[in-house]
Amino acid sequence: MDLTGKNIIIGICGGIAAYKTPHLVRLLKKKGANVRVALTDAGTRFVSELSLATVSQGPVYRSIFPPTDTHGTDFTTHISLGEWADALVIAPATANTLARLAAGLCDDMLATCFLTLRPGKPVLIFPAMDGQMYLSHSVQRNIATLKSQGAVIIEPESGELASGQCGTGRMPEPEAIVEHIETALLSLVHSSPLHGKSIVVTAGPTREKIDDVRFLSNYSSGKMGFAIAKAAGMRGARVTLISGPVGLATPPGVERIDVESAAEMRDAAGNFFPSCDIFIGAAAVADYRPAAVIRGKLKKNDPELQFTLVKNPDILGDFGQQKNPVQLAVGFALEQENGIDNARKKLEEKNLDLIALNFSDRRTSGFEVDTNMLTLIKRGGPATELPMLSKEEAARKLLDTIENICRQR
Ligand SMILES: Cc1cc2nc3c(=O)[nH]c(=O)nc-3n(C[C@H](O)[C@H](O)[C@H](O)COP(=O)(O)O)c2cc1C
């Protein structure tokens, strides 16, 4: 399975099998996963932080307390790291950490990630220890507690242990751990209500021709729509991405159709309206276009120029009006003032099921930048304000909300 874009935390405890974990991280990185490492203090005795930071290409998380004197430090990583993850894998899991997790302790980054992981995300625990320890009443009781909370416990293998004795307690090889992770993530994909659904996403700006060399457009980069298309594909949806002119790579497994003008985008989208399950209009479609396109290149002869602009088709509104009772329509509203009122009005007028309100300051939110602040408004529901998030994370939150709507139907 391709793990491109999957966010995986590897929690490493102070067991002898920790020496295998840089190889595990490398295998996951090779498969395209984003890997973050949470290492216990005891873990540092068995594997070097430097090796793990190098192979994971990121910091190694240990304490939940960041240095307070560092400018720009994020003091809430102990929350956001767990929220970021698609899966938490604890390998090796010591008897000590099994007890900490079963008791709900929150005394290092690994234990905190276990508590802050979003509901439904898989936790895979690979206990590894001396055979007698593993069979002890305490360890088995803690394993039972963790299982009852939904964690997947992978039985250690039998064979020669660090003590030189034979018994059950060996951590599986990294290749086998990767297979377990793939299986867990795959079954998650299959359990998503978006699995197998046909989703059309529009993204990017449109260009409205003035003459053969000039156009009217806007600052949309397409990043939000592309992030949505990618996240939907990762949940097993069949995604068609209809994109205006942008400089972005097509997400894996996504069918892309490039268009230029609003009329072209409408025609392309119209081909998919009848057969899609969900239509997500994230494109910044130009509201107006020049009434007539000048042939050739407009000469610079006149001191003043006036254009007549005519209204462009309302792609999202068209779908909202045409959709059948099982189809879902999701739109974006870019508003500078009275955001929530205007977004609700748009939701009603276009007959949408969900609208994502955002604004554009081109620094932290909206056009071009890598982050966005969305307020999600469901039909007949409250407005849910999300914090500033990467567009990838904002896309995942949007899809979580769409999944909830699908489940409630
Ligand atoms: C040489 C050595 C090897 C150890 N190997 C293991 C092990 O494989 N599994 C285990 O549960 N504990 C093992 N321990 C004990 C843990 O390191 C100890 O319980 C520690 O407190 C675990 O902390 P942590 O769970 O925060 O990583 C070992 C200790 C030593 C000295």
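Only the coordinates and a few stated rules stand behind these numbers; no lab work does. Predicted model, so just to flag it, every value in this text is computed and none were measured. Glycine gets a Cβ as well: all are built from the backbone with ideal geometry, and neighbour counts include every protein chain shown.
Quick look at the values:
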{"item": "Segment GLN165-GLU264, length gained on full extension (0.36 nm per residue, minus Cα span)", "result": "28.6 nm"}
{"item": "Under 10 Å, Cβ to Cβ, from ASP86 - net charge with Lys/Arg +1 and Asp/Glu -1", "result": "+4"}
{"item": "Around ALA249: net Lys/Arg minus Asp/Glu count, Cβ-Cβ under 12 Å", "result": "+3"}
{"item": "Kirkwood Rh, angstrom, the chain [1 / mean 1/r, Cα pairs]", "result": "23.6 Å"}
{"item": "C-alpha center-to-center spacing [the range 13-76, the range 393-409] in angstrom", "result": "31 Å"}
{"item": "In nm, spacing of pseudo-spin labels at ARG295 and GLU349 (7 Å Cα→C-beta vector)", "result": "3.7 nm"}
{"item": "Distance from the range 306-374 to the range 219-237 (C-alpha centre basis), Å", "result": "16 Å"}
{"item": "Those lysines that a straight Cα-Cα span of less than 18 Å connects to LYS345, excepting residues fewer than 8 apart in one chain", "result": "LYS378"}
{"item": "Candidate lysines for bridging to LYS197, where Cα separation is under 19 Å - those fewer than 8 sequence places away on the same chain excluded", "result": "LYS230, LYS323, LYS397"}
{"item": "Fewest-first sequence of ARG207, ARG363 by Cβ atoms within 10 Å of each Cβ", "result": "ARG363, ARG207"}
{"item": "Charge context of GLY236, other residues only, Cβ under 12 angstrom, K/R +1, D/E -1", "result": "+2"}
{"item": "Label-reachable residues, the range 268-308, where backbone N falls under 12 Å from a point 7 Å from VAL213's Cα toward its Cβ", "result": "296-300"}
{"item": "Percent antiparallel among DSSP beta bridges (both partners in the chain, rounded to 5)", "result": "30 percent"}
{"item": "Counting DSSP beta bridges with both ends in the range 7-191, the antiparallel % (nearest 5)", "result": "20 percent"}
